[in-house]
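Below is one structure; the comments refer to it alone.
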4 protein chains.
Amino acid sequence: MAALYDIEILATSDEEVRARIPVGDHLRQPLGLVHGGAFAAIADTLAVGATADALESGGARAISNQTSFLRPITAGAIHAVARRRHRGRTTWVWEVDVSDDAGRLCALVRITVAVRP
Amino acid sequence: MAALYDIEILATSDEEVRARIPVGDHLRQPLGLVHGGAFAAIADTLAVGATADALESGGARAISNQTSFLRPITAGAIHAVARRRHRGRTTWVWEVDVSDDAGRLCALVRITVAVRP
Amino acid sequence: MAALYDIEILATSDEEVRARIPVGDHLRQPLGLVHGGAFAAIADTLAVGATADALESGGARAISNQTSFLRPITAGAIHAVARRRHRGRTTWVWEVDVSDDAGRLCALVRITVAVRP
Amino acid sequence: MAALYDIEILATSDEEVRARIPVGDHLRQPLGLVHGGAFAAIADTLAVGATADALESGGARAISNQTSFLRPITAGAIHAVARRRHRGRTTWVWEVDVSDDAGRLCALVRITVAVRP
């Protein structure tokens, strides 16, 4: 998805992923804020990607995405840290903190990823 | 956001919005499925847009987005129906059903929109 | 759980369950409103129970509960209607509308139930 | 609510609350596990209570509760740690980790509390 072309993975493991996405016009809605869907898409990409990498399989897919929008981002970069909170037999659960350049928390996302046993 | 360039609003009121989005490569993730973030972005756009139109104000913003992914979409169009379930003094709540061309339910989204009293 | 002693199932199938729970002091928080946890518990019970009945197995368990509180209930009865929205191989998803005696919508609950394939 | 009679608050501030609830039969569903609704009710109580205490007002009420169930608890005590993640003008957001006696994570809860400006 276009929102994700410029995602820069800074560090990744099967327990934590850190990424940075510069804010461009393609991420903004008409009022100039980053679209809420971009936060959801970024979190989904990090959680599913890290799960798939860890399992060495294509059998990881998100089954839910719960995003709370706390503060808008209008410029600079989006900073995301995804932490794995649960590694079960059939699901992994990740929580993703999204912040702005000033380190202010802008969104909380919880992603449940279904994995093939 | 690029995901939303081609959104076609078929009918809109302050209680229900119907829309259709053709699936193109800009919506797909590498495996060829529509990216989960696209469903979240579409639902967000419909719910916030209809709330803002009804209030004739820019004072509507999503505070949460809860998406359950049920079935992938790979081609054709995304069909979304947003229904307002709650009209409160400080929040409106919308539920959005997302389906494919065959009418199969592919995602459920609940959006809470904060409004200025 | 005590909150659920008085639950009265009015109709049940593998697609829809209707129930009624009289409001008593054991459901109220100190300010006199029905506790939000009671809505979550009732919805969980209906969704998991109907799934387990349909599968004729004990292999149904809730993996998530997403409740939005719209309007308090203080007296009379809690009316709940659970509708199955998805019947997948590994999960069933239910949406539960909770209303008061006047038919006003008081809570929306979405329950994801994991099932053994 | 009966589920909450025995809640023991170990430490509380406007940023973090720690509590412990012994598991008794009144919290169990028929299979012997603590009912999912009990986790939701405990988290709701901690988040709303700490917000109301901080604001010195009765004007705090939960507007959403998002619980992910990771692992059942059958005996011992329920341990809950609620952390405030957002303090906005109209909402506070708390994340609550629920664990068992062995320190294993059993549920994740996110509570959004509406506050009067």
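Gaussian network model of chain C, Cα springs within a sub-10 Å range: biggest mean-square fluctuation belongs to which of C:E15, C:E95, C:E56?
Fluctuation is largest for C:E56.
In peptide B:66-78, what is the residue-averaged number of other protein chain Cβ atoms found within 10 Å of each Cβ?
4
In nm, what does the list of distances from A:R116 to its counterparts in the other copies look like, shortest first, when each label sits 7 Å along Cα to Cβ?
The projected label point of A:R116 is separated from its counterparts by 2.2, 5.2, 5.6 nm.
In which sequence would C:T67, B:T12 go, from the one with the fewest C-beta neighbours within 10 Å to the one with the most?
B:T12, C:T67
Using only Cα atoms and rounding to the nearest 10 degrees, what angle (0 to 90) does helix A:36-55 make with the longest principal axis of chain A?
30
Can you tell me the dipole magnitude for chain B around its Cα centre, using point charges on the Cβ only (Lys, Arg +1; Asp, Glu -1), in Debye to the nearest 20?
Dipole about the Cα centre, nearest 20: 420 debye.
How many nm is it between the label spots at A:A11 and A:T90, if each spot is 7 Å from the Cα in line with the beta carbon?
Taking the simple label geometry, A:A11 and A:T90 are separated by 3.4 nm.
If neighbour count is taken as other Cβ atoms inside 10 Å, put D:L31, A:L105 in order from fewest to most.
D:L31, A:L105
Measuring from a point 7 Å out along Cα→Cβ, what nm distances, shortest first, does A:L55 have to its partners in the other copies?
When each copy's label point is compared with this one, the spacings are 1.8, 4.0, 4.1 nm.
For the stretch D:1-95, which trypsin sites (Lys or Arg not before Pro) are in a loop by DSSP, counting at most 12 other Cβ atoms within 10 Å?
D:R89
Rounded to the nearest Å, what's the spacing between the alpha carbon centres of the stretch B:18-42 and the stretch A:72-108? Just the number, please.
Centre-to-centre (Cα) distance: 21 Å.
Sum up the charges of everything whose Cβ sits under 9 Å from the Cβ of B:V93, counting Lys and Arg as +1 and Asp and Glu as -1, but leave B:V93 out.
Taking every other residue near B:V93 into account, the sum is +3.
With a 10 Å Cβ neighbour count serving as the proxy for reagent exposure, in which order, fewest first, do C:L10, A:L27 appear?
C:L10, A:L27
Averaging sequence separations of C-alpha pairs under 8 Å and six or more residues apart, then dividing by the length of chain C, give the relative contact order as a whole percent.
27
Tell me the Kirkwood hydrodynamic radius of the stretch D:1-98 in angstroms, computed as one over the mean inverse distance between distinct C-alpha pairs.
Kirkwood radius, the stretch D:1-98: 13.9 Å.
Looking at chain C as a GNM with Cα springs under 10 Å, which of C:P22, C:P30, C:P72 has the largest mean-square fluctuation?
C:P30
Nearest to the axis that maps chain C onto chain B: list the chain C residue whose Cβ wins, with the distance in whole angstrom.
C:Q66, 3
Say a label goes 7 Å from Cα toward Cβ at B:R20 in every copy; what distances in nm does this one have to the rest, shortest first?
Going from nearest to farthest copy, the values are 4.4, 4.4, 6.2 nm.
Output needed: percent of Cα pairs per 10 Å distance bin for the protein assembly as shown, bins running from 0 to the one holding the longest distance.
Taking all Cα pairs of the protein assembly as shown, the binned fractions are 4, 21, 33, 28, 12, 1 percent.
The numbers here are math on the coordinates, done by the rules we state, and not lab data. Quick caveat: nothing in here was measured; it's all calculated off a predicted structure. Note: ideal-geometry Cβ built from the backbone for every residue, glycine included; neighbour counts use all protein chains shown.
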